[in-house]
Structure formats: structure tokens, C-alpha cells
Amino acid sequence: MYKTLEAAIPAPTAPTAPSHQTFGDISSRLAGAGAITFAVTVLAQNVIRGASAPANGASTADVLTHYADHRSLTFVLVASYALSAAGLFVFLGGAMRRLVATTRRGWAFTGLFGAASILALFTVVVAAEQALSAVATRGQPNVGGAIESLWMLHNSVFSLLDLSIAAALVGLSRAGIAAGITPKVFRRLAPVGAAMLVVGAVAGPAIAIGDAMPLFGVAGAGFLVWLTFLFTTGVRMIRSSVAS
């Protein structure tokens, strides 16, 4: 009987050493901070650049002069691009786990593909800015053709970027509402903002050369809806993390 009881009592196990992980998974708080970082940084980019940038229809001489005189501004924009891209990467990485778990999984992937396209196209825009700065500051003659081509490429890609933002806005907002991390006002606001962005993309051939600029303003309003969506969703994700 004694041996039976002894066999029934489990032997004590040695305590396991705690696991030391330098980095865990992306938390809701970190993902929310990434969304806010992206929204604030991109807004600052547009304010800084818009205060001095030449108009889309500016002459080659004006574009050349601007980039020759504002080389330091290009460094600021490239650095802020790196920060904003990191913020969007972290937001998407942390939010997708919750978005694909909803009944709107298809919309979540639509938004993800749109956001990935934003990063790809905006990389081309920033690369064109950097190339414009490099060509303008080299001081070599006969660079007018290169400046004009780069400027038209910059403006064209910038207008096509609106379509990717529209896809990201609609997809991520619909999935975000289902996940409870996006305010329900975006159920109507996101499609309106996306429609404004599509207007800008369709008018791209005219906007690239400085025509139809009122339509560029319409797309700008849709762009503000996109940034507002990211900021408010980011705040909600941080608050949900604190509450839990």
C-alpha cells in the first residue's frame, strides 16, 4: 500500500528557467503608435514640402533652382520617409492579426495590398526627389532635359499614388470597423475619401503638368481622410491595449 501511494504522488519537477525574449510580437499599443507616427510624419512632410515646393506646372528652371537651393530639405524628407515607412510597417504587422480574424478578411487583404502599393509608389516619389536634388546640385550644364523628365515622373507617380491610398483606406477601414479598432464614422467617410482620391488619380495626366489643380485639391481632401483614419485607429488600438 505504501508503495502504491508513493507511485501515485508525482515527483517534483525542477523549475524551468524563465525565457528571456528581447522582442515579443507587435502589440496593439505598438501598432497604434506606428499608425500615429505614419499619419503625423506624412502630414508634416506635406506641410514642409508644400511651403516651398514648385508647382506641378513650374518651368524647368524653377524646378532646378528649387532643388539646387533646398538640398537640406531633401535630406529631411528622405529621413522622414524612412520614419513614416517604419510606422506603417509596424501598424500593418500588428493590426493584420486582428483584421484577418474578422468576418471581413477579404477587405483586410485588400487594404494590405493597397498599403503595400503605397509604400512601393511613394518610394519612387522620394527617389525622384532625391534624384532631382542630386542632378540639380552637381552644377553640370545641359541638365534641363533630365530635370524635366524626373519632375514629370515625380508628379505622375504622385497622382497614381491616390488609387493605392483609396484601396488601403476602404479595405483597412471596413476590416477595422469589424475588429472594433476603427470608428464607425468611417463606414461612410472612407468611401467618400476614396472616391475623392480616385478623382485625383484619374485626372493624373492633367495634374502632372499643372492643369486641373482643383481636382488635385479634391484628392487632397481624400488624403486627409486617410490620415485621419490612421490617427484615430492608432489611438483606439493604444487605448484598447491600456484597457486590457
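Taking the range 142-154 as the range and being part of a helix (DSSP H, G or I) and open to solvent by 10 Å² or more (accessible area, probe 1.4 Å) as the test, the residues that pass are Gly144, Gly145, Ala146, Glu148, Ser149, Leu150, Met152, Leu153. Restricting attention to the range 142-157, the residues that are without any contact (Cβ under 8 Å) to a residue 40 or more places away in the chain and either under 21 Å from Thr233 (Cβ atoms) or touching a helix residue (DSSP H, G or I) at 6+ places or on another chain (Cβ under 9 Å) (or both) total 6. Of all residues in the range 108-127, those that are touching a residue at least 24 places away in the same chain (Cβ under 8 Å) have Cβ atoms under 9 Å from Cβ atoms of residues that are of a type in the set (Val, Ile, Thr) and not in a helix (DSSP H, G or I), 6 or more apart or on another chain, in Ala108/Val100; Ala108/Thr102; Phe109/Val100; Leu112/Val100. As for the range 13-21, it holds at least one residue that is within 30 Å of Ala179 (Cβ to Cβ) and either at pLDDT below 90 or among the polar types (S, T, N, Q) (or both). Selection of helices (runs of 4 or more DSSP H) fully inside the range 18-110 by the criterion of at least 3 residues being surrounded by fewer than 19 Cβ atoms within 10 Å (Cβ to Cβ), under 15 Å from the mean Cα position of the chain (by Cα) and small (Gly, Ala, Ser) returns 71-99.
Checking Val124, Val157, Val135 one by one, the residue that is open to solvent by 50 Å² or more (accessible area, probe 1.4 Å) and assigned to a helix (DSSP H, G or I) is Val124 and no other.
Here the condition is being of a type outside the set (D, E, K, R) and closer than 14 Å to Gly111 by Cβ; of Ala178, Ala201, Ala212, Ala219, it holds for Ala178 alone.
The values are calculated or read from the model by the stated rules, or taken from the named source; none is laboratory data. Remember, predicted model here, so these are calculated numbers, not experimental data. Note: ideal-geometry Cβ built from the backbone for every residue, glycine included; neighbour counts use all protein chains shown. Surface areas here come from the heavy atoms of the whole protein model, side chains and all, with no ligands, DNA or RNA. Shrake-Rupley method; radii C 1.70, N 1.55, O 1.52, S 1.80 Å.
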